[in-house]
Amino acid sequence: MMEYRNVFQEMNYPPAEVAARLKEIWEHLFVGPHKIYFENDDQTGYVVDTGNNDVRTEGMSYAMMLSVQYNRQDIFDKLWRWVKKFMWLTTGENKGYFAWSVLPNGEKNSNGPAPDGEEYFALALFFASHRFGNGSGILNYEQEARAILHVCLHKDEEFPGLSMWDLKNHLIKFVPNCDFTDPSYHLPHFYELFARWGNTEDAAFWQEAARASRKFLVAASHPVTGLTAEYSEYDGTPKNVKDHDRFYSDAYRTAGNIGLANVWGGNSPALNDCVTRLQHFFNETVKGHENRVYYIDGTPANDTVLHPVGLIAMNAMGSLATSGANATACVEKFWQTPLRTGERRYYDNFLYAFAFLALSGNYRIWEVQG
C-alpha cells in the first residue's frame, strides 16, 4: 500500500487540529456563509468563481476532485451532472470538450475549452470509479473519463478540431488552437495514471507525456529563482502575451504540482530543486516583499499579488518535494494563514484545500477496487 507523507505530523501539529482544519475547509467551500457551492432543484450543483461571477471548468473539476478525496459522492454527482448539462460541447470544432466559462444560469460565455479542466475531470472521474463504483449513463465514471482522454488526443482524427496535447512533443497546450503552453497545466503524476487506466492504445503516449512534462518543468523553472511564467513556449521560455510572461496567478500552482508529483510519481531531484530555489527566493531573496509580482528572473513588476493565500498554499505544498529550513518556514506560514473571505476567495481557497490535503497525507490516489 502506498504511504503518503504527512508533513504536519512531521512538524508535530496536533492531529485533532489537523482534522478540525480539514473539516473547516470543506464547510468553508461547500456549506457555510462563505461557500462557493450552490445547488439547483434538478440534482445538479456548481461552484462560482466569486471574483468573476462565472462557473469554470477549473473550479468544477477541482470541486469534483475534492469531493472524491472527502468521500462525498452525493456532491460529486451533482457537480458532474451540471458539467455535462451546461458545459459539455456537442457541436462545432470543440465538440467533446467543455466550455471553460459558463454563467451560473447555464449560459455559455465561451465555446472554447481550457485543458486543465479536462485533465482534472478525467482523473477525478477515474478516482470516483475506483472509490464509489460505476453507475449508469453519465455516472459510469470510468467510461466518461476514457471518453474525455480519447477526445483530448484524437479530436482531429474523428471530427474537425484540434487535440489538447501537441502530439509530436507530448506537451499540453494552453488551449487547443495555440502552439504554447501553461507550466501549471503540466501534471506528469496524472499522466502516469492515465497510462494505467486510460485506453490501451494511448498508454505509450501518456507515459511519454509524463516524461516530457517533467523535463519541461525543469526547463521552465528559472535556474536561480525557481519561478515559472504563466504561459511559456514549449522550450520553457516565457511567452510574452498580455503580461503572462510573469510569475502570476496560474504559475503559483506549479510548485504544488511538483510537490504532489513527488509523492505520487516518485522522487525527481531535478524537479525538487526547482522548488528548493523557489522557496529560497520567497523566504530569503525577497523576504518581506512576497506580495509583489515578479518576472521569473526575480525582477519586480509594477503589480501586487492577486491571490496571496493561494501563493502561500502552493509554496507550502511544494515542501512535499524538498526539505530544510525554507520548506519548514513555508509550511509554518501556511498553517498560520486562514482561509480567504471576500470576492477573491474562490481560487485561493481551492489551492488552500489541495495544499492542506496533500500536506496532511490525505490527497491520495484511489486505486481500482480489489
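The values are calculated or read from the model by the stated rules, or taken from the named source; none is laboratory data. Everything numeric here is computed off the predicted structure, so don't read it as measured data. Cβ coordinates were reconstructed from backbone atoms using ideal geometry, including for glycine residues, and neighbour counts include every protein chain displayed.
Restricting LYS35, LYS95 to residues that are within 22 Å of the chain's Cα centre (by Cα), surrounded by 13 or more Cβ atoms within 10 Å (Cβ to Cβ) and farther than 19 Å from ASN140 by Cα narrows the list to LYS35. Of all the residues in the stretch 198-233, those that are crowded, with 17+ Cβ neighbours inside 10 Å and over 22 Å from GLU119 (Cβ atoms) number 4.
The C-beta contact set for the stretch 75-86 (first residue in the same structural domain as TRP26 (by TED's automatic domain parsing) and touching a residue at least 24 places away in the same chain (Cβ under 8 Å), second residue in a helix (DSSP H, G or I) and among the aliphatic types (A, V, I, L, M), distance under 8 angstrom, 6+ apart or interchain) is empty. Within the stretch 167-182, the residues that satisfy the criterion of being within 17 Å of ALA195 (Cα to Cα) and touching a residue at least 40 places away in the same chain (Cβ under 8 Å) are ASN169, HIS170, LEU171, ILE172. Residues of the stretch 24-40 that are in a loop (DSSP other than H, G, I, E, B) and modelled with pLDDT of 95 or more: VAL31, PRO33, HIS34, LYS35, ILE36, ASN40.
Restricting the search to the stretch 8-23, which residues are surrounded by 15 or more Cβ atoms within 10 Å (Cβ to Cβ) and either more than 30 Å from ALA327 (Cβ to Cβ) or more than 20 Å from the chain's Cα centre (by Cα) (or both)? Spell out the reasoning first.
So in the stretch 8-23, the residues surrounded by 15 or more Cβ atoms within 10 Å (Cβ to Cβ) come out as 8, 13, 18, 21-22.
PHE8, TYR13, VAL18, ARG21, listed by residue number.
Can you find a residue in the stretch 6-23 that is among the polar types (S, T, N, Q) and in a helix (DSSP H, G or I)? Give the derivation first.
Kept after step one, since they are among the polar types (S, T, N, Q), are these residues of the stretch 6-23: 6, 9, 12.
This time we only want the ones that are in a helix (DSSP H, G or I), so: 9.
Looking through the stretch 6-23, at least one residue is among the polar types (S, T, N, Q) and in a helix (DSSP H, G or I).
Tallying residues that are under 19 Å from the mean Cα position of the chain (by Cα) and under 30 Å from GLU290 (Cα atoms) within the stretch 191-225 yields 8.
Hey, could you check the stretch 153-173 for residues that are in a helix (DSSP H, G or I) and not hydrophobic (A, V, I, L, M, F, W, C) and say which is modelled with the highest pLDDT? The extreme case among them is HIS154. The set of residues from the stretch 55-76 being in a helix (DSSP H, G or I) and in contact with a Ser or Thr (Cβ under 9 Å, 6 or more places away or on another chain) comprises THR57, GLN73, ASP74, ILE75, PHE76. Count of the stretch 274-318 residues, restricted to those that are among the basic types (Lys, Arg) and either surrounded by 13 or more Cβ atoms within 10 Å (Cβ to Cβ) or under 22 Å from GLY51 (Cα atoms) (or both), is 2. Within the stretch 240-264, being modelled with pLDDT of 95 or more and among the basic types (Lys, Arg) holds for ARG246, ARG253. Pairs meeting the criteria (first residue in the stretch 305-318 and touching a residue at least 60 places away in the same chain (Cβ under 8 Å) and in the same structural domain as PHE354 (by TED's automatic domain parsing), second residue among the acidic types (Asp, Glu) and crowded, with 22+ Cβ neighbours inside 10 Å, beta carbons under 7 Å, at least 6 apart or on different chains) are GLY310/ASP348.
Conditions (1) assigned to a helix (DSSP H, G or I); (2) touching a Leu at 6+ places or on another chain (Cβ under 7 Å); (3) among the hydrophobic types (A, V, I, L, M, F, W, C), marked per residue:
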{"site": "THR91", "(1), (2), (3)": "no, no, no"}
{"site": "GLY117", "(1), (2), (3)": "yes, no, no"}
{"site": "LEU123", "(1), (2), (3)": "yes, yes, yes"}
{"site": "HIS130", "(1), (2), (3)": "yes, no, no"}
{"site": "ASN134", "(1), (2), (3)": "no, no, no"}
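Picking from residues in the stretch 234-247 that are surrounded by fewer than 18 Cβ atoms within 10 Å (Cβ to Cβ) and charged (D, E, K, R), the one that is nearest to ASP179 (Cα to Cα) is ASP235.
The helices (runs of 4 or more DSSP H) found wholly in the stretch 265-370 and carrying at least 3 residues that are modelled with pLDDT of 95 or more and over 21 Å from ASP250 (Cβ atoms) occupy 269-280, 325-335.
Scanning the stretch 174-192 for residues that are outside any helix (DSSP H, G or I), under 30 Å from ARG364 (Cβ atoms) and not β-branched (Val, Ile, Thr) yields PHE174, ASP182, HIS186, LEU187.
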